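Enquirer: Pasting in a structure now, in structure tokens, and then I'll have a few things to ask.
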Amino acid sequence: MAQDNLAVPSGDNKYVTVFNDPVNFNAKHPLHNSWTLWFDNPGKKSNANNWEQSLKELITFDTVEDFWGVYNNIMKTCDLSISSNYHLFKQGIKPMWEDPANKHGGKWSIQLPRNKTMSEIDNIWLYTMLACIGEAFEHADEVCGVVVSVRKAFFRISLWTRTSDNQDVAMSIGRTLKKSANIDGTLEFQSHHDSSKSQGKAWTV
């Protein structure tokens, strides 16, 4: 996906602009799903109660153009304060384990040290979001949403899935995510149930 230019060449090599053709230039390209962006920063003394209270629903969009409008007008990941999280989930799914769409699922995650180039962090997060809203996955219905977390020593990006018991499906999603976001590192998959008990990782790509 790319942002539309403000002018395009016509057949006679003259540029047509939004002033010549306002209808086509104002056309929007619908996404397969509507997506909601959430934000939270519960601080160091977070717990289950104040975390949910700090969770804010920012905006829902359903077109390519509206996605770019949101992305270009929010703070970049590398500029967020410690303990902040962006959550981009399909509309109707809350970014919490207890949501019916998430409770049997899991997540692919990677931790990126803060000494990485900040533009690299932002690019991986951007391409992860684009892979999701662009339905880049063979099992796109399995994808619930993605999260980027800002911590003192690292950034963490996670893609949440509806289920966690089908290795073939999970591995397909993990491989596509790694390729789409150009991730140079190991992605680890873990069910939400295992995450809550700090148990071992299930699979890696």
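Rule-based calculations on the coordinates, nothing more; no lab input. Only a predicted model underlies this, so the values are computations on that prediction, with no experimental measurement involved. Note that each Cβ is placed from the backbone with ideal geometry, even for glycine, and that neighbours are counted across all protein chains shown.
Enquirer: Would you order Cys144, Cys78 from fewest to most other beta-carbon atoms within 10 Å of each residue's own beta-carbon? Can you show the working numbers first?
Expert: Working: Cys144 20, Cys78 16.
Starting with the residue having the fewest Cβ neighbours, the order is Cys78, Cys144.
Enquirer: Moving on to the next point. Rounded, prolate or oblate: pick one for region 30-204, where a ≥ b ≥ c are the square roots of the eigenvalues of its C-alpha gyration tensor, a/c under 1.5 means rounded, and failing that, prolate if a/b is larger than b/c, else oblate.
Expert: Rounded is the answer for region 30-204, as its axis ratio a/c remains below 1.5.
Enquirer: What full-extension length gain, to one decimal in nm, is calculated for Thr163 and Asn115 as 0.36 nm per residue of separation minus the Cα-Cα distance? Write out the running numbers ahead of the final one.
Expert: Values: separation 48, 0.36 × 48 = 17.28 nm, distance 3.33 nm.
Working it through step by step, the gained length comes to 13.9 nm.
Enquirer: What nm distance separates the two modelled labels at Asp194 and Lys28, each placed 7 Å from Cα along Cα→Cβ?
Expert: 4.0
Enquirer: Of Lys94/Lys179; Lys90/Lys152; Lys76/Lys116; Lys103/Lys152, which pairs sit farther than 18 Å apart, going by alpha carbon to alpha carbon?
Expert: From Lys94/Lys179; Lys90/Lys152; Lys76/Lys116; Lys103/Lys152, over 18 Å: Lys94/Lys179; Lys90/Lys152; Lys103/Lys152.
Enquirer: Now, a different point. For a footprinting-style exposure proxy, rank Lys179, Lys107, Lys94 by other Cβ within 10 Å, fewest first.
Expert: Placing the least packed residue first, the sequence is Lys179, Lys94, Lys107.
Enquirer: Just want to confirm a number: the relative contact order over region 140-205, from Cα pairs under 8 angstrom separated by 6+ residues, in percent.
Expert: 23
Enquirer: What nm value, rounded to one decimal, do you get for the distance between Thr204 and Asp122 when each label is placed 7 Å out toward the C-beta?
Expert: Each label point is offset 7 Å from its Cα along the Cβ direction, giving 3.1 nm.
Enquirer: Just tell me which aspartates and glutamates come within less than 12 Å, Cα to Cα, of Lys56; anything on the same chain fewer than 8 places away is out.
Expert: By straight Cα distance, Lys56 reaches Asp40.
Enquirer: So which GluC sites (Glu not before Pro) in region 111-188 end up in coil per DSSP with only 14 or fewer other C-beta atoms within 10 Å?
Expert: Within region 111-188, the qualifying GluC sites (Glu not before Pro) (loop, at most 14 other Cβ atoms within 10 Å) are Glu135, Glu138.
Enquirer: Cut-off is 10 Å between beta-carbons; in what order do Met75, Met118, Met129 appear when sorted fewest neighbours first?
Expert: Ascending Cβ contact count within 10 Å gives the list Met75, Met118, Met129.
Enquirer: How far apart, in nm, are two points set 7 Å out from the Cα along the Cα-to-Cβ line at Thr186 and at His104?
Expert: 3.0
Enquirer: Right, next: Let me test this: with uniform point scatterers at the alpha carbons of region 83-142, what is the Debye-based log₁₀ I(q)/I(0) at q = 0.12, 0.18 1/Å?
Expert: These q points yield log10 I(q)/I(0) values of -0.37, -0.82.
Enquirer: Which whole-number percent is the relative contact order of region 30-204 (Cα, under 8 Å, 6+ apart)?
Expert: That works out to 24 percent.
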